[in-house]
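Enquirer: Let me begin by handing over the structure; questions about it come next.
We did not get these values from a lab; they are worked out from the coordinates using the rules stated. Note that the structure is a prediction, hence the values are computed from the model and not measured. With ideal geometry, Cβ positions are generated from the backbone for all residues, glycine too; neighbour counts draw on all protein chains shown.
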Amino acid sequence: MAQKNVRAAIGGIFLLLCAFHGIAAELDWPVEWAAFGPVPPAGGMLSPGGLPSVDHLLPGRQLEKIPAELRIGGVDFPKRSVKLSDGAVIDLAEIFAGAKRGATVYLAAPVKVGQSGAYKIHAGANWWMHWWVDGRPVFNTIPEGNQKSPVFITNHVFAVDLTAGEHVLAVAVIAGGGGFSIAAGGEREVQAALQAAVAAPGDFRSVYAQAEKVLQSSQGRSRLLAGNAIDFEEIRAVLQTALPLARNDAERALALLDLADAKLNDLAWNDF
């Protein structure tokens, strides 16, 4: 019951913050996406350890609309259907069998918003991605790559300015040496992915045990959240230390939720 109340409070405060900062609360995330590819590796990706370049991607004008087929490098790639739902990680290597490191798949979908504003998109990919809105580049992880593992919808977040009406979201996903996948969505998809991760089997105690050791060595406390006088700044620092120790998405999701709880509690006690 307490966890439900905390999550309800998080949701309510998030809506207030969105309104204050001019960020629209929800993006009606498209489930059905058109997929084109896989486009063979090009340029520097042909050499061992090579990195992709935005110069080898399609110009944005070719992604302003969603065609029945996409012509890339003199080859016509017919449209295929891929689902990006509930923030789940989509294994493009399974869908596009035989795709090698540096192969690129383009995904595109229409999205309609009821009001103008800045909308958040959350995404992670193995291993590079480049996003467009109506052919306009808005975010990419080239050449650094995702930099976070495992791939999860919360790996990256960015805001896009959308006017009321219909738009086209597009993303190029470039395969890494160890996989080819993407997870993406709006705020609803983040919550769905976190809930699914929490429900997944996994032992989260190791993360808390390590966090408790950090607290014991620095402050002599025996429990992570014991007592009434809690230093939330310290709690956040401890959880940040524990986060990389998470062994799976379930543990990572719980650490992220507790980080959010600590931040909101800190706001409640110190700023209101």
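Enquirer: For the pair S47 and R71, what calculated FRET efficiency results from E = 1/(1 + (r/R0)^6), where r is the Cβ-Cβ distance and R0 = 41 Å, to the nearest 0.05?
Expert: Approximately 0.95, to the nearest 0.05.
Enquirer: Just the C-alpha atoms of segment 17-138: what Rg/Rh do they give, with Rh taken as the Kirkwood radius?
Expert: Taking Rh as the inverse mean 1/r over Cα pairs, Rg/Rh reads 0.98.
Enquirer: OK, next. Mind jotting down the distance between the C-alpha centroids of segment 145-166 and segment 27-95, whole Å?
Expert: Using only Cα atoms, the two centres lie 16 Å from each other.
Enquirer: Hey, could you pull the Cα Rg and Dmax for segment 128-177, both in Å?
Expert: 12.2, 40
Enquirer: Explain nothing, just compute: Karplus ³J(HN,Hα) = 6.51 cos²θ - 1.76 cosθ + 1.60, θ = phi - 60°, for every residue of segment 122-128 in order, whole Hz, x for Gly and Pro.
Expert: Along segment 122-128, the couplings run 10, 7, x, 8, 10, 10, 10 Hz.
Enquirer: Quick one: what are the phi-derived ³J(HN,Hα) couplings along segment 143-153, Karplus 6.51/-1.76/1.60 with θ = phi - 60°, whole Hz, x for glycine and proline?
Expert: x, 5, x, 5, 6, 10, 9, x, 5, 8, 4
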